[in-house]
Structures are given as C-alpha cells and as structure tokens.
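FYI, it's all coordinate maths here, none of it is from the lab. These numbers come from a predicted model, not from an experiment. Ideal geometry is used to build each Cβ from the backbone, glycine not excepted, and the neighbour counts take in all protein chains shown.
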Amino acid sequence: MSAGERRRRKPEELRSHRWFGVDDLRSFGHRSRSYQIGFAREDFAGKPVIGIINTWSDINPCHTHFRQRAEEVKRGVWQAGGFPLELPAISLSEPFQKPSTMLYRNLLAMETEEMLRSYPIDGAVLMGGCDKTTPALIMGATSMNIPAIFMPAGPMLRGNWRGNTLGSGSDAWKYWAELRAGNIDQAAWREIEEGIARGPGHCMTMGTASTMGAIAETLGLTLPGASSIPAADSGHARMASQTGRRIVEMVWDDLKPSDILSAASFDNAVALAMAVGGSTNCIIHLVAMAARAGVDLPLSRFDEISRHVPVIANLRPNGKYLMEDFYFAGGIRALLGNLASKLKLDCLTVNGATLGANIEGAKPYNDDVIRPLDNPVAGFGGLVVLHGNLAPNGAVIKPSAADQKLLRHTGPAVVFDDYNDMAARIDDPTLDVTADSVLVLRNSGPQGGPGMPEWGQLPIPKKLLQQGVRDMVRMSDARMSGTSYGTCVLHISPESYIGGPLALVRTGDMIELNVAERRLDLKVSDAELAARRAAWVAPPPRYQRGYGVMFAQHITQAERGCDFDFLHAGAPTPEPEIH
Ligand code: FES
C-alpha cells in the first residue's frame, strides 16, 4: 500500500497515548515528570513522540557531529508537530573498541529495540554510520517494528598528505607497508597520521560504513540521496531536519519497517552491494538484518546476484575515487539510476514513494566515478561466496580488491594459531614463507576472536615486502575492514574455535583457491583429516561471567549473520504493561 493510500492514525491510536493521553495515576506521573523536565502540555499532548536514538560519544570520531545533528533532527520533528526525545545509545566506535565492535553489534540492536519498546515512543530516528551502528540500529528497529527512519552519519572529507589524496583505511595499510619496507620515514608517517581524517563523518572509502549507509538507503530506510552527503556539508544538516519532519508523517501513516523490508528490497540491497564493490562485512549484516525482517537471505543469493551485477562505483578500495567525489558525481541516486535494470523498483521507501520513483531521472554527473553497466570498474562478482572442504558452510572473498592472478592459486599453508602468534612471527626473518605461501589465521571467528575481529587482511611478511611483494593469498575465520584490500578469504565457516576444518590445517598443507569455480579446498585426504579431527581438543570457554557468556552461548556463525539465535524473527514480543 502506498503512503497516499494509508489511513492516517488518530492521536489516541498512538503508543504514547497510553503514557500521556489517559487519565489515571500513572499518566499523572508521566505528565508531571515531563513538566519536571521543562516540557509544557502543549509540547507533547496528542503529538507523536519521536525517539532519536543517538550513538554520539566522545570516543566516536565518526559521530562527532551527532550532538548538533540531533538538534537539527529535533528542529524538524517540532516543525512537523512531533515531540522529540533524544535517547543516547552505545556508540560502537570502530577505531577504539576492542577486540571488535562486532562483539557489541547485537548489544546495540537489543538496546535499540528495548528502548523503543519500554519508552513511550511512536517513531524512531536512528542516528548511525560508523560500521556496526548502522546494522545494529536497523536490526533493533526492525524487531520493534514501529515507524523508523535512518539518518546516516555521512562520509568524512577526503584526506590529504602533501597534496596527495588519502583514503580511510586503504592508505593507512598502503603507507604502513611502505614504512615497513623502508620507503617512507617516520616524519612522513606522522604527517599521514594527521592528514588522513580531516573532519567528522565515517570512513570515506567504500568501506563498511559507506556500504551500509548505501544499503540502508537502497532498502528504503533513508530519505533519497541521504547516505552520500558528506558529514561536513551543510546539506547534511538540512537532511537531518528533513528526516525529523518525515518521521512525524511516518507515524501518522503508520509506515513501519515491515512495510518497507521484503525479499525484494533485500535483493536490491545485495545488488547495490555488488555494484559498489561493497565491504565483505555487509554480507554478515545483510543476513542478520534480513532475518530480523523474516526474510531468508542465504549466502547462495549473494552469489546468484553477484553473477549478473558488475562493479560500477569507481571507489577505493576497488577503484580510484572517494565518497566526496561520489557525492559530487550524483551519489547513490545516480548509481541506482544506472543500476535500475537490475532492481525491483516497486519497493516502498520511508518517504512513501517507491525506490523507482525516488531514482526517476537520476543520472551521474561523472561517468568515470559512477560507470554505466557496459563500462564497469570490474566484471561480475564483486563479492564471491566460496565453498569446499575448508569452508563447508561458506567463506567470502572480494575479487575486485585482490590481485587478479592470485584468484586461482595453490600454495603451502603457513599457519598462525591466533592473532598474537601471527603478530609475534610474521616478520621473523626465519619464517619459512614465500610469495606463493598461503597465510592462515585461525581462532579469529565469532567465538574465537571473540567477535570476529577485522584481522583478515594479514600483513605481508616484512622480508617479502622488501622483495616487492604486495599481495598474497590469506585466509581466516575473521572479517576484514571494508577499507582493506588483497586476496583475503574471510568468514570461513564453521570457525576454527568450534572445530571447523580450519582448526585442522597444518603448516605445509597445500590449499587450493579457485574463485572462478567458487572453491576453497584443503588438499589433504579425508582419512588424514578424520585422524586430525579425532585428536583435536576444544579450547576452554573464553568467558566465565558477564555479557561474553551470553554472547558465546547464542552467537550464530557468519552464514547466519552472527546474530543471537534468540533475536531472529519469531513470535512478537509483548508490549509493556502500563501500570
Ligand atoms: Fe567509523 Fe570507519 S572508523 S566508519
């Protein structure tokens, strides 16, 4: 049903009416405490209450502008006749939180869902952008299923070093390798450190944050064009207030995530992810988000869609440009315009129009940044799913960010038992490794990491860097930053910590990667693997108390999205009793 055909709700039909609109002792308390805050009856009576879930924190550089943006969202909510309430939530700051923000994505999702449920909220503005915040907020709001709109943080401006453009992550890895190879000095390295992140906003390559923002928009959860606007652009502030105005209308129309999210909209999001050469992380997040919406999104669907959608965004780490260039080239609307023949255009979006209507007439202003389908940056298969005896439940690789000649490779394994083992030995001059070796890292998965840290772009051993080697086949049950590149096989499932085949690999074993055939195989006989399995000893639990215990007991593997098993879509959770 389009927004125009939806019945407008009456004030007494709002959730918040049960808190504010009835006349009993508890509503006396709700009203008197609102007066205590300084609100007058005119501020809230009969108005939609909009919860602004703000993931601002002093330690999240990507959300530095969110204090101000929350005020701009509130301005829009007031203008449209709503009652805004800002609700702070855990921030999930990618650069600072250890061992990985992924350990806490589900915690933010739960926090979002339960805040929306337990407070008198009629509609939600979800303020996120730094990697995991986007899927977490959307997962929580999807499960709660009240009207919700996503306000993306927007990318930061281009980095700069001595007149050279710097891209988040990608250039950190690149110049780190040059520093270790002795090609730049410490003074240059410090200048790069100061120039790579010039202002608020999320990473400005097509990393996880940019990918997830673009996905949120393609799913129909942001205003059209919202996800490409740089955080520092004044247009971003205007988008924030427009988002505030729109959510009030969504509440009156009762336009919920369940009206927007469908198998078709997730197919669109997968196609978009392929077209932008998106972060491998988006596979895990999309599977989890879809499950919250009751949509089955198996890894095979990514593979099916990847076979007919080429990479058309010429953005790092696959290509040349950064998100600021992408914005000036027309942004996500222009890209979706070029991709229209691959999309299901009748999906509804938060502005009440279909995706097709929102991208009507959208065209790129720069055909090198946003390519036509017949002149792609890379061919089909931006993200590829692998299977084989080393990954019975799947693994992923991003061929567009890899050395093409390594996409079919057989080589001997050099195994690292965990991250510390790798860090201690990778640069050891006596390490028996060549450019043909396959670097293997284990105990880095959902349980083993824990939280599946972004360790999958294993560093090239220093002695090989000095020989000029810049890529090798690497594999793990970890994830990889969306800003990373290289021939890195990731998300191997089941993970080694719970006894997946990766736990059985030994240094010297031959491993065969064949991306064209979607295969990843350990060239060891079944009998030998069975003997190794019989001798394998499960490691002790990582946690004895606290959140980690719940995490370990309920986290699913990568192919199921690493959500908690009890949070998948199912019977609706009861609304709170109001006493
Ligand atoms: Fe926040 Fe990259 S560090 S998006």
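Things worth noting here:
- The slack between Q404 and N375, meaning 0.36 nm per residue of separation minus the straight C-alpha distance, is 8.6 nm.
- Peptides 92-104, 402-414 ordered by average Cβ neighbours within 10 Å, highest first: 92-104, 402-414
- Relative contact order (%) - the chain, alpha-carbon pairs under 8 angstrom, separation at least six: 14
- For the chain, hydrophobic long helices are taken as DSSP H runs at least 15 Å long by C-alpha position along their axis with mean Kyte-Doolittle hydropathy of 0.5 or more; these are 133-144, 208-219, 263-275, 281-292.
- In this rough spin-label picture, where each label sits 7 Å from Cα along the Cβ direction, the E575-Q544 distance is 4.6 nm.
- Extension gain, E528 to R8: 0.36 nm times the residue separation minus the Cα-Cα distance gives 180.5 nm.
- Packing-based exposure ordering (other Cβ within 10 Å, fewest first) of H568, H202: H568, H202
- The Cα atoms of segment 178-289 give a gyration tensor whose axes a ≥ b ≥ c have a/c of 1.5 or more with a/b no greater than b/c, which makes the shape oblate.
- Stretched out straight at 0.36 nm per residue, the stretch from S341 to D432 would grow longer than its current Cα-Cα span by 27.7 nm.
- For segment 114-142 versus segment 423-467, the gap between their alpha-carbon centres in whole angstrom: 36
- Shape category assigned to the chain from the gyration tensor of Cα positions, a/c cut at 1.5: prolate
- When segment 398-496 is described by a simple charge dipole with +1 on each Lys and Arg Cβ and -1 on each Asp and Glu Cβ, the residue from F416, M480, P494 located farthest towards its positive end is M480.
- Cβ-Cβ FRET estimate between R198 and R470, R0 fixed at 25 Å, reported to 0.05: 0.40
- Here the chain carries DSSP beta bridges of which approximately 45% are antiparallel, counting only pairs with both residues inside.
- Isolated cysteines in the chain, defined as those with no second cysteine Cβ under 4.7 Å, comprise C203, C282, C347, C488, C562.
- Sorted by Cβ density within 10 Å, fewest first, the residues M206, M250: M250, M206
- Charge dipole (debye, nearest 20) of segment 195-290; +1 at Cβ of Lys and Arg, -1 at Cβ of Asp and Glu: 320
- Distance between modelled label sites at R506 and F28, nm, 7 Å Cα→Cβ extension: 7.8
- The relative contact order of segment 96-202 comes to 26 percent, based on Cα pairs under 8 Å that sit 6 or more residues apart.
- Relative intensity of segment 436-579 on a log10 scale, I(q)/I(0) at q = 0.13 Å⁻¹, equals -0.69, per a Debye sum over C-alpha point scatterers of equal strength in the absence of solvent.
- Rounded to the nearest 20, the size of the Cβ-charge dipole of segment 334-397 about its Cα centre is 140 debye, with Lys and Arg at +1 and Asp and Glu at -1.
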